[in-house]
Amino acid sequence: MVQSLVFPEYFVFRNIPFHIILVAWMTTNWSWAYTGFILWPDITAAIFNELFDEKEQTHRGILAFSMYSLQELLSNFIPVMVFQIMISWTTVYFVGPDKVFYLYSLLGPFKNTYTYLIFGFVEAYLVVASIAQFAFAYFMMLSFFEKVYLSVKKMNENLIGYAVGSNKMARELFFPQQTCHHLFLLISLFNHNFSNFIFNFKCACITGSITGLCFAILMHYELPLDSFVNCMLGVDQFVAFTIVFDHAFRIPGMMETVKAELLKMLRKRNGNHLLEKQLQSIPSLGIKVGNFHRLERASTPNFVDFVVRNVVTLLITFA
């Protein structure tokens, strides 16, 4: 990209959207690598350890896809996505190693069969190393949303099953209150490490969606193949934001519903006032996006509106 910007003879207009999207996602990747593995590795390890509780494990058949949510399927197939990217990148290298985005193109007189093969393995290593930490963060994020969502959903179902007139009400409600407190601490830890990553992830989705869709329309007649690729990239990132954060959007509302139901049942039963005060002391908390706001149900319509309006504005300006 730097070479194409510095030297006009290497500048290719059709490559602009790929450079923009690559920069957006590599920035997201580097931000996570710094915060997750360099700045706060202990918190990353603590969050990861909390994701897997042996008591909560359920065994589902490998082929029982209908029993998995879309988010679980995405997290399960992340290794396949990484493998696919590596195979695609190295295949293109072995077909055309002289392309400007490969290191082999810089060797000049040192190009030969041995350097060709050596740099093939180097390219495979670099592409895996560059996306591995992002794939890990992606997996952790999906798994975390799924764990919190299912925990709150299960707690809500258990509350519905409690008998209102039971003499064990106060003791039964102690465990949901403890679960609420545990989830609050877990979400706080997650926000500490992941809030900036989620903000960068959202920015990358916005950048990729706007760039891909805009260039897909602009290149429709002159470069139909490039237009199709850009369209796929734009739609992919447009849909990714909605799918990845689907359960995260619901967490704040579900937590509020559970807390309200617990307080209602405690007051109706004249239960433990200490439990009631402890429950009221747990603040409302959702998944933070940077230091600005948190994910809510309105986040998806706002995201769609922002992308569509900017695509239309760019088309009116440059078409």
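Quick notes on this structure:
- Subset tally (residues that are over 14 Å from Q133 (Cα atoms) and either among the charged types (D, E, K, R) or modelled with pLDDT of 85 or more (or both)) for segment 17-38: 5
- Index of the failed condition, F48 passing every other in (1) assigned to a helix (DSSP H, G or I); (2) modelled with pLDDT under 85: (2)
- Some residue of segment 117-139 being among the charged types (D, E, K, R) and under 30 Å from M254 (Cα atoms): no
- Within segment 201-217, the residues that satisfy the criterion of being aliphatic (A, V, I, L, M) and closer than 12 Å to I20 by Cβ are A204, I206, I210.
- Considered as a group, the residues in segment 98-112 that are within 32 Å of the chain's Cα centre (by Cα) and within 17 Å of N15 (Cα to Cα) include one that is surrounded by the fewest Cβ atoms within 10 Å (Cβ to Cβ), and that residue is K99.
- Within segment 267-295, being at pLDDT below 80 and either in contact with a strand residue (DSSP E or B) (Cβ under 7 Å, 6 or more places away or on another chain) or under 28 Å from V244 (Cα atoms) (or both) holds for I282, P283, S284, L285, F292.
The values are calculated or read from the model by the stated rules, or taken from the named source; none is laboratory data. Note that the coordinates shown come from a computational prediction; the quantities given were computed from them, not determined experimentally. Quick reminder, even Gly has a Cβ in these numbers, built from the backbone with ideal geometry, and neighbours come from all protein chains shown.
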